[in-house]
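The values are calculated or read from the model by the stated rules, or taken from the named source; none is laboratory data. Because the structure is a prediction, the values reported are computed rather than measured. With ideal geometry, Cβ positions are generated from the backbone for all residues, glycine too; neighbour counts draw on all protein chains shown.
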Amino acid sequence: MIDYLRVARVDHWLKNVFIVFGHAVAIVLALDLEIDGGTVLRAFLSLVPACLIASANYILNEILDAPFDKLHPRKNVRPIPAGRVNVPILWGIMIACVVVGFALALWWFRNPGYWISLGLLLLSGLVYNVEPVRLKDRAFLDVIAESFNNPIRLWLGWFALVETRHFPPLSIMLAWWCFGGLLMTGKRYSEFRFIDDKELSGQYRKSFKVYTDRSLVIAMITYANLFCFCSGWAMASYPALNNLAFVFPLVVLAVVMYFRHAMSEIGARLEPEQLLQNKWIIVSTALTAVVAAALLYAHKAGLFNAKEILHSPGDYHAPSAAPESGRR
């Protein structure tokens, strides 16, 4: 039974904490920081169907990847390539996860936006893993496709609390997508260095035939810059987010800590998912969240307004030319 749970990656349900970011965006921008017991209950319930659909995607991933996992120095001991589980039973568990996940979504939520987002989460697993599309094997598209789960989870969190006719801001969706791209590229970089064999890594994952250390580092820098740009766009566009300008140095610190760990010798020896378990990444991320929450509350309570502090009273418009006199 333990091996079946490992294939379903129940321990990876923690990744669905990204849905909480969607809750936070909805609470700040749509609910004006007004929370009641019903809001908390809907937020909690929204995690359950998402976890079940995520497990369905993980099972599909492990079944289809089993021939390639046999070539990996660590993944070859997973339950399927090691022959410790029955694959037909896994297909049954996958179907059950999908049916139960959507049944609970239809029962608990009357918002079509949540159902559609849940369907997109399942669809993303199909296009990522199943031939002839199988974006997992296509360099750079694999990261774009996998990190698209970030905005999907944002939508799940948002539509659990907000009606479908109201959408989260485009700037925040793009920032969250780019943040996912940064994390997924770091995961590829860590895995690429962990295998440390161009031919073997290419047999394990076709996209590794295209990737190089340099291209992956450049991709990480690109995603980090896009994340910063889109985050700044959001902070400048919505008054409720203006105070977050002062939390941005902590955001940069968290990103730097991730870069540092992913590119270290220790990071190269870790499984990709273990990258985010570094204590300094956890501490910097937690500190960022606490300070961000305090600044958002300060804006709501009228205690602190970054825009007033940062606003410059100077007039930068060029003065109009004085009328010339005495010209005949």
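THR164 is checked against (1) polar (S, T, N, Q); (2) closer than 21 Å to LYS15 by Cβ; (3) free of Cβ contacts under 8 Å to residues at least 60 places away in the same chain and fails just one. What number does that condition carry?
Looking at each condition in turn, THR164 falls short on (2).
Can you work out which of the residues in segment 1-24 that are outside any loop (DSSP other than H, G, I, E, B) and of a type in the set (D, E, K, R) is nearest to VAL87 (Cα to Cα)? Full working, then the answer.
Of the residues in segment 1-24, the ones outside any loop (DSSP other than H, G, I, E, B) are 2-8, 10-24.
Among the residues that remain, those that are also of a type in the set (D, E, K, R) are: 3, 6, 11, 15.
Values: ASP3: 12, ARG6: 13, ASP11: 20, LYS15: 25 Å.
My answer is ASP3.
For ALA82, are the conditions met, namely being without any contact (Cβ under 8 Å) to a residue 60 or more places away in the chain and of a type in the set (A, V, I, L, M)? Full working, then the answer.
Values: without any contact (Cβ under 8 Å) to a residue 60 or more places away in the chain: yes; of a type in the set (A, V, I, L, M): yes.
Against the criterion (without any contact (Cβ under 8 Å) to a residue 60 or more places away in the chain and of a type in the set (A, V, I, L, M)), ALA82 qualifies.
For (1) among the aliphatic types (A, V, I, L, M); (2) touching a residue at least 24 places away in the same chain (Cβ under 8 Å); (3) surrounded by 19 or more Cβ atoms within 10 Å (Cβ to Cβ); (4) more than 16 Å from GLY101 (Cα to Cα), each residue gets a yes or a no:
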position	(1), (2), (3), (4)
LEU120	yes, yes, no, no
GLY125	no, yes, yes, no
GLU131	no, no, no, yes
ASP137	no, yes, no, yes
SER147	no, yes, yes, yes
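Here is a yes/no grid of residues against (1) under 27 Å from the mean Cα position of the chain (by Cα); (2) more than 29 Å from GLU199 (Cα to Cα); (3) of a type in the set (Phe, Trp, Tyr):
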site: ASP65; (1), (2), (3): yes, no, no
site: LYS70; (1), (2), (3): no, no, no
site: ARG74; (1), (2), (3): yes, no, no
site: VAL77; (1), (2), (3): no, no, no
site: ILE80; (1), (2), (3): no, no, no
site: GLY83; (1), (2), (3): no, no, no
site: ILE93; (1), (2), (3): yes, yes, no
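Restricting to segment 214-264, name every residue that is polar (S, T, N, Q) and assigned to a helix (DSSP H, G or I).
First, pick out the residues of segment 214-264 that are polar (S, T, N, Q): 215, 222, 225, 231, 237, 242-243, 264.
Hits for segment 214-264 are SER215, THR222, ASN225, SER231, SER237, ASN242, ASN243.
Looking at ILE27, ILE35, which is the one that is among the aliphatic types (A, V, I, L, M) and either in the same structural domain as THR288 (by TED's automatic domain parsing) or outside any helix (DSSP H, G or I) (or both)? Explain how you work it out, then say what you get.
Details: ILE27 fails: either in the same structural domain as THR288 (by TED's automatic domain parsing) or outside any helix (DSSP H, G or I) (or both).
Of ILE27, ILE35, the one residue that is among the aliphatic types (A, V, I, L, M) and either in the same structural domain as THR288 (by TED's automatic domain parsing) or outside any helix (DSSP H, G or I) (or both) is ILE35.
If you go through segment 239-252, how many residues are surrounded by fewer than 16 Cβ atoms within 10 Å (Cβ to Cβ) and either within 22 Å of ALA301 (Cβ to Cβ) or among the aliphatic types (A, V, I, L, M) (or both)?
Taking segment 239-252 and keeping what is surrounded by fewer than 16 Cβ atoms within 10 Å (Cβ to Cβ), we get 239-240, 248-249, 252.
Filter again for either within 22 Å of ALA301 (Cβ to Cβ) or among the aliphatic types (A, V, I, L, M) (or both), leaving 239-240, 248, 252.
Selection size over segment 239-252: 4.
Which fully enclosed helices (runs of 4 or more DSSP H) of segment 70-189 have 2 or more residues being of a type outside the set (Phe, Trp, Tyr) and on the phi > 0 side of the Ramachandran plot?
Details: elements: 87-108, 112-129, 141-147, 149-159.
So the answer is none; nothing clears 2.
So which residues in segment 13-61 are among the polar types (S, T, N, Q) and under 18 Å from the mean Cα position of the chain (by Cα)?
Restricting attention to segment 13-61, the residues satisfying the condition of being among the polar types (S, T, N, Q) are 16, 39, 46, 55, 57, 61.
ASN16, SER46, SER55, ASN57 - these are the residues of segment 13-61 that are among the polar types (S, T, N, Q) and under 18 Å from the mean Cα position of the chain (by Cα).
Can you find even one residue in segment 59-68 that is more than 20 Å from THR164 (Cβ to Cβ) and polar (S, T, N, Q)? Steps first, please.
Residues of segment 59-68 more than 20 Å from THR164 (Cβ to Cβ): 59-68.
Restricting the remaining residues to those that are polar (S, T, N, Q) gives 61.
Among the residues of segment 59-68, at least one is more than 20 Å from THR164 (Cβ to Cβ) and polar (S, T, N, Q), which makes the answer yes.
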